[in-house]
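Each remark here refers to the structure printed beneath this line.
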Amino acid sequence: MASAFDYAPAPESRAVVDIAPSYGLFIDGEFTEAAAGKVFKTVSPSTEEVLSEVAQAGAEDVDRAVKAARKAFEKWSALPGSARAKYLFRIARIIQERSRELAVLETLDNGKPIKETRDADLPLVAAHFFYYAGWADKLGHAGFGTDPRPLGVAGQVIPWNFPLLMLAWKIAPALATGNTVVLKPAETTPLSALFFADICRQAGLPKGVVNILPGYGDAGAALVAHRDVNKVAFTGSTNVGKEIARTVAGTRKKLTLELGGKGANIVFDDAPIDQAVEGIVNGIFFNQGQVCCAGSRLLVQESIHDELLDSLKRRLSTLRLGDPLDKNTDIGAINSAEQLARITALAEQGEAEGAERWSPACELPGSGYWFAPTLFTNVTQAHTIARDEIFGPVLSVLTFRTPDEAVAKANNTAYGLSAGIWTEKGSRILAVAGKLRAGVVWSNTFNKFDPTSPFGGFKESGFGREGGRHGLEAYLDV
Amino acid sequence: MSEKSEKIERLSVFKTYKLYVGGKFPRSESGRVYEVTDSKGNWLANAPQSSRKDARDAVVAARKAFGGWSGATAYNRGQVLYRVAEMLEGRREQFVREVADAEGLSKSKAAAVVDAAIDRWVWYAGWTDKIAQVVGGANPVAGPFFNLSSPEPTGVVAVLAPRESSFLGLVSVVAPVIATGNTAVVIASEEAPLPALSLGEVLATSDVPGGVVNVLSGRTAEIATPLAAHQDVNAIDLAGADEALAKELEIAAADNLKRVLRPQPVDYFGTPGTDRLTAFLETKTVWHPTGSLGASGSSY
């Protein structure tokens, strides 16, 4: 199908962000080189242009950062909550002030559309700090005792799909509760965390309270295993999450894990089709499907399968894929060559196992990492693409006849992070939502996030909650 | 008959202690038993020595019971837990004797333990329909959405009952697990399993559906190892594990990301907090658009 409208390019200006040619590790309030002198390059996934060269943390740097955090902990945890609150409010405000710059930076380093970084990531980042700032002097009212204590040094490892938002989810509650932090951003998206270090400087945050260690999995493993870390928080793949759970076994470290998902988006025959289609598109193509809570399995009631698929395909044909900095772009670049290879291999496996593959006519740019929006029909529960998390813009379509069957299929996964329900019938929403084994259930909407709303999974999607009052527990000695 | 014959003391009837699985009282499928003695080394009973297969059977029973129990109303679960306290009160003397034997306590101390255990059932019975209000609630999201977080039971929980506190400790770890709608596979104290096995008899007559609590006796490590690695067990309470076993089991539990409650010092006589309730709860958050009326939709 041809696109209904042609749009003139409307690129957001890069001039708003000034990326230095190189960055150090941020330890004890200073940018410093890695002890081993190693560096790595971070590229723009949409062009493969090198954006900057970043110091690569190793075990020695982890030790240095944990020591700095430990030293800072004494004073930070002894501050009145109202003082910690003010630092966090300052950070929230500075993020708001610099949000356009950070949105462009995030889009450059991650490859996601500016529309998303500008309208989703950055507003949520600022809101998260603002929300937890308010908790810092009210912890005695949070339901964890009258004087809940912080844990100490938090080692935090975050993924590349929402780099700054995941940083906010980790750092804001940790600081509000009086912990200090060593955070390792993902190796493909280190820049926004390093800009955040500068925000800490502007906010006057005491040195050592936040330490940022760009690096690879080895640095993350060293951080998680470090003897003087009291709390480990990880967002990423289920396999790494299991490895971390083994590492902290037998210690007193408190652990929270936000891992993979294979969310079911269930559409009943009485659903408002146009709204459902928007929800399905958002569910699997938001951030190129590189979302742990993506609605990657569409469960559609058999009687409306053809009608829904027609509408969905028509809608997919209007999605604009291309320059992430273009304000009209719906689908940006895949974050890395490695991730693109994984998506490609799983999609090929879907075809090989007999599912039917479809993509709209879609021209992919010549450089960078790109994958066209893709859907598979005739998918069975046994297919790999119905079981494994693809973490890309690939939707598997399955059908059901009864609500019971829909629930059984939705729950037929080792994961349990998110689910969607589309129906006009209120009692059906509540009945189905009650039966779904998932931490977040979106009914007649999808992919909504809010700092006040706890987020996290059942089963192998991990444990612990981030956001809301619930999110405090992970950082308190309770 | 001669009235003059010397009074012969009546021989008591021994009880064959059995496992409690799926609402039934099987022997171990392995046919094994082990000798249980009191604190002075006197023989008390031959308790079943459960095998891996018994552990797996118990998980199947617990999974089967999960839908009904977690779907029961909180009010109903509270009444059932209260019924357990009622039944225990009636069997108080039996448990005082068993606890005294098991833990080498005087009768009065054992009575205090049993009373505390009965009261603990009452305490948790009252929690079933309150915990959701305490830990859940509406979240004021910045948008036109209704947003509600509710606690839900994690699923099948393996419980290593405390070794040293064979009854009060046992009740203190089992009651919170099932109060919230989980089902449990319980490993009784290895040295003192008899109060736990007798508790099975109480549960069977207390309206607790079969499979909600399953009690196994035997070698703790032998039974716990397959449970920690079992893919259909959602969580594990390591109260009864020593440091080395706890670490080993926590590593095995990582394989399907079981929720793990590590061993910690507990004064079982003290009033518990909510920790053991919340340790085996998941938070589910449901969103729905609210729609919106115009600003003039209401004038007061």
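Bear in mind these aren't lab numbers, they're just calculated from the coordinates by the rules spelled out. Worth saying up front: this structure is predicted, and the values here are computed from it rather than measured. Note that each Cβ is placed from the backbone with ideal geometry, even for glycine, and that neighbours are counted across all protein chains shown.
Quick notes on this one:
- A:Glu60-B:Asp255 FRET efficiency (beta carbon distance; Förster radius 30 Å; 0.05 resolution): 0.40
- Convex hull volume per residue in cubic angstrom - Cα atoms of region A:88-230: 101 Å³
- Once the Cα gyration tensor of region B:52-140 is diagonalised, semi-axes √(5λ) in Å: 30, 21, 12
- Extreme residue, positive dipole direction of region A:322-478, given options A:Ala406, A:Gly350, A:Thr329 (C-beta unit charges): A:Ala406
- Given chain A, longest segment not containing exposed loop GluC sites (Glu not before Pro) (DSSP; at most 14 other Cβ within 10 Å): A:50-362
- Cβ charges +1 (Lys, Arg) and -1 (Asp, Glu), total dipole of region A:264-443, debye: 420 debye
- FRET efficiency for the B:Asp275 to B:Ala74 pair, using the beta carbon distance and R₀ = 22 Å, is estimated at 0.70.
- Taking all Cα pairs closer than 8 Å and separated by 6 or more residues, the relative contact order of chain A comes to 18 percent.
- Average silhouette area of chain B, convex hull of alpha-carbon atoms, in square nanometres: 22.0 nm²
- Taken over the alpha carbons of region A:188-273 as equal point scatterers, the Debye sum produces base-10 log I(q)/I(0) values at 0.14, 0.15, 0.20, 0.23 Å⁻¹ of -0.67, -0.73, -1.04, -1.20.
- Each Lys or Arg adds one and each Asp or Glu takes one away; over the other residues whose Cβ falls under 12 Å from the Cβ of A:Ala83, this sums to +3.
- Across all directions, the average flat footprint of the convex hull enclosing the Cα atoms of the protein assembly as shown is 39.8 nm².
- The magnitude of the dipole of chain B, with charges of +1 and -1 set on the Cβ of Lys/Arg and Asp/Glu and taken from the Cα centre, is near 520 debye.
- Charge tally around B:Gly104: other residues with Cβ under 15 Å, Lys/Arg +1 each, Asp/Glu -1 each, net -1.
- Estimated translational D of region A:200-325 in µm²/s (Stokes, Kirkwood radius over Cα pairs; 25 °C; 0.890 mPa s): 133 µm²/s
- Taking label points 7 Å from Cα along the Cα-to-Cβ direction, A:Arg227 and B:Phe14 give a separation of 5.3 nm.
- Check: the protein assembly as shown dipole with +1 on Lys, Arg Cβ and -1 on Asp, Glu Cβ, in debye: 1600 debye
- A crude spin-label estimate for the pair B:Trp43 and B:Gln264, with each label 7 Å from Cα along the Cβ direction, gives 4.3 nm.
- For A:Ile334, the residues 5 or more places off, or on other chains, whose built amide H falls under 5 Å of its own are A:Tyr369, A:Trp370, A:Phe371.
- Relative contact order of chain B, pairs being alpha-carbon contacts under 8 Å that are 6 or more residues apart, as %: 23 percent
- Fraction of antiparallel bridges per DSSP, chain B only, in percent to nearest 5: 55 percent
- Under 17 Å from the B:Leu293 label point (7 Å along Cα→beta-carbon), backbone N, region B:138-155: B:144-146
- Ordering B:Gly218, A:Tyr23, B:Val185 by Cα displacement along the dipole of the protein assembly as shown toward the positive end leaves B:Gly218 in first place; charges were set at the Cβ atoms of Lys, Arg (+1) and Asp, Glu (-1).
- Computed across region A:79-149, the Kirkwood radius stands at 13.3 Å (inverse of mean 1/r, all Cα pairs).
- Taking other residues whose beta carbon is less than 9 angstrom from the beta carbon of B:Ala254, and scoring Lys, Arg as +1 and Asp, Glu as -1, yields 0.
- Kirkwood hydrodynamic radius over Cα pairs of region A:264-443, then Stokes diffusion coefficient at 4 °C and 1.567 mPa s, in µm²/s: 79 µm²/s
- Structural descriptor for region A:264-443: relative contact order 29 percent, calculated from alpha carbon pairs under 8 angstrom and at least 6 residues apart.
- Across region B:66-83, rounded Karplus estimates of 3J(HN,Hα) from the backbone phi angles (6.51 cos²θ - 1.76 cosθ + 1.60, θ = phi - 60°) give 5, x, x, 6, 6, x, 5, 5, 4, 4, 4, 4, x, 5, 5, 5, 5, 4 Hz, Gly and Pro being marked x.
- Available extension along the chain between A:Asp137 and A:Lys313 is 58.3 nm, counting 0.36 nm per residue and deducting the alpha carbon span.
- Pair A:Glu101, A:Asp198: separation of 7 Å Cα→Cβ label points (nm): 0.5 nm
- Amide hydrogen neighbours beyond the local backbone of B:Ser50, cut-off 5 Å, H modeled: B:Ser217, B:Gly218, B:Arg219
- Of all DSSP beta bridges confined to the protein assembly as shown, the antiparallel ones make up roughly 40%.
- Efficiency of FRET between A:Asp147 and A:Ser237 - r from beta-carbon atoms, R0 35 angstrom, step 0.05: 0.40
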